[in-house]
């Protein structure tokens, strides 16, 4: 028995590419060697001998496969502009909320596999610490993607525990003649789908769905699930890699494209965007008076609710029904909604958001100014600020708003660094230093302040895997209880060498909070970076020249795409059960549903 050769550690990040090259080179070498040894061998015989030799080599490598337990997870970097905190006033009216799952609940035929926020989905091979296993899999082991009967899986695995191989195989949809998932260049008859693994990551979003779940499975709105597992050359899963099963989802035909419901509707949306509101119900809501008369009801409705076309109007109708049981019962009867469906449509309508165009501001208290951002329908337009807000000389003085074209060239050059910090603060829990800007002189909107974070408590949001971003950015002390109003006291920042958790930003010289305040009184400019980095330079009095401007030899904070540095969402995974527990599971017979 030949001794297996360990794969060089320095080549592990490039293993997938290297293996392809090495395989081709070995076959070329074998072909030349065999022809020199014997001229009597035919081409088919040479290929057969080389194939057998390659299989033996793969088996040798598989024999020394890593014993460290690995598992597969499905992840994406959420691109939603809003957070998932229901109490957040900054995102209160933003329909784009942080995803709570990876796959969408519903897809159409020919849709790519993407998250609700349109982010790319990926499969990651991770170790027992949750870190991405960039070394990949041994040669001869592949990632296979299968489509499961979601109803069958739910029946035998209601608690999402780890199933035995025979149990999970009973959920795989078999017997179909057309590929259920397809990537560009694949034929419809290619029923097996393999995912190429690069540095421990495989892309799911290049695949499209080809078949309606309702057409393939029996029942009303039956669901699919995705199974990804690592298999050997004989098609059996390897024992040291735990498979992953996705959330359930429905695949519908394109004819229902316009019937897809809003996750979080707007009061300006068509009423058809609410759950359980189909075409027949929309027709009745268009003329409620006629619909009531058709059922023999004589009930006087407010003039503005006789024709209900928008979610906001339906919401008013619900509010009216809450104080009038007779109206509520007759509405349910006219719209043909059961008590359960009525409750669901009411909850959906109540969750509707109103248009929000109030500006947002990110405050930089050390400089007594903020970056002003526009907002559209509750979503902050983070690409670029629209202006600068400069605080007055006294707490009672009115703030000054400067448009970008009013800034001096030196001031304008300082914006990218501040914008980077603003972006990083936005994607941190509680959006530190962000507020709703109030320039009307009216009372500012109350907003709960985020909890203070010490240096040790700053979340390491860059540790979620290879696709996560870098540092968490500069996290400052929380805002006061008034949104749009920066704190009047100096921010205390830690001195000394920069902390990695703070993105490498710290006041030079270890001056603490007092070092930030001196520039307000003209003593010296603010210096960021290493303690011996010096200052970035000073501008004209009252300008923005004391802002941290990157200079040669001093690295700025990494620029990150919105959402790219959030902790990756991961599909729930089941911890491995003891072997005896798996053996005690009933061995299911092949389900006629799964085989359809």
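The values are calculated or read from the model by the stated rules, or taken from the named source; none is laboratory data. Predicted model only: the values in this text are computed from it and were never measured. When we count neighbours, we look across all protein chains shown, and the Cβ atoms used for this are built from the backbone with ideal geometry, even at glycine.
Sort through 392, 387 and tell me the only one that's over 23 Å from residue 297 (Cβ atoms) and exposed (fewer than 12 other Cβ atoms within 10 Å of the Cβ). The unique qualifying residue is 392. From the list 318, 277, the one residue that fits, being under 22 Å from residue 341 (Cα atoms) and in a loop (DSSP other than H, G, I, E, B), is 277. Restricting attention to the range 289-303, and to residues there that are out of contact with any helix residue (DSSP H, G or I) (no Cβ under 7 Å at 6 or more places or on another chain) and in a helix (DSSP H, G or I), which single residue is farthest from residue 316 (Cα to Cα)? Of everything passing the filter in the range 289-303, 294 is farthest from residue 316 (Cα to Cα). Before we move on, is residue 281 in contact (Cβ under 8 Å) with a residue 12 or more places away in the chain, touching a helix residue (DSSP H, G or I) at 6+ places or on another chain (Cβ under 7 Å) and not assigned by TED's automatic domain parsing to the domain that holds residue 377? Considered against the rule, which asks whether it is in contact (Cβ under 8 Å) with a residue 12 or more places away in the chain, touching a helix residue (DSSP H, G or I) at 6+ places or on another chain (Cβ under 7 Å) and not assigned by TED's automatic domain parsing to the domain that holds residue 377, residue 281 comes out as yes.
Every residue, every condition in (1) within 22 Å of the chain's Cα centre (by Cα); (2) surrounded by fewer than 18 Cβ atoms within 10 Å (Cβ to Cβ); (3) without any contact (Cβ under 8 Å) to a residue 12 or more places away in the chain, yes or no:
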| position | (1), (2), (3) |
| --- | --- |
| 86 | yes, yes, yes |
| 91 | yes, no, no |
| 135 | no, no, no |
| 141 | no, no, no |
| 168 | no, no, no |
| 176 | no, yes, no |
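Summed over the range 329-341, the residues that are free of Cβ contacts under 8 Å to residues at least 12 places away in the same chain and assigned to a helix (DSSP H, G or I) give a count of 4. All conditions in (1) modelled with pLDDT of 90 or more; (2) under 22 Å from residue 114 (Cα atoms) hold for residue 170, with the sole exception of (2). Considering the range 102-154, the qualifying strands (runs of 3 or more DSSP E), each wholly inside and each with 1 or more residues that are in the same structural domain as residue 229 (by TED's automatic domain parsing), run over 122-126, 142-149. Looking across the range 355-398, just one residue is under 18 Å from residue 91 (Cβ atoms), touching a helix residue (DSSP H, G or I) at 6+ places or on another chain (Cβ under 8 Å) and part of a loop (DSSP other than H, G, I, E, B), and that is 382. Within the range 112-132, restricting attention to residues that are touching a strand residue (DSSP E or B) at 6+ places or on another chain (Cβ under 9 Å) and surrounded by fewer than 17 Cβ atoms within 10 Å (Cβ to Cβ), the residue that is nearest to residue 216 (Cα to Cα) is 112. Among the residues making up the range 399-438, those that are more than 17 Å from residue 360 (Cα to Cα) and not in a loop (DSSP other than H, G, I, E, B) are 405, 406, 409, 410, 411, 412, 413, 416, 417.
Of the strands (runs of 3 or more DSSP E) entirely within the range 176-267, those holding at least 2 residues that are at pLDDT 85 or above, out of contact with any helix residue (DSSP H, G or I) (no Cβ under 6 Å at 6 or more places or on another chain) and closer than 25 Å to residue 158 by Cβ occupy 224-231. Filtering 16, 24, 62, 53 for residues that are out of contact with any strand residue (DSSP E or B) (no Cβ under 6 Å at 6 or more places or on another chain), at pLDDT below 85 and assigned to a helix (DSSP H, G or I) leaves a single hit, 62.
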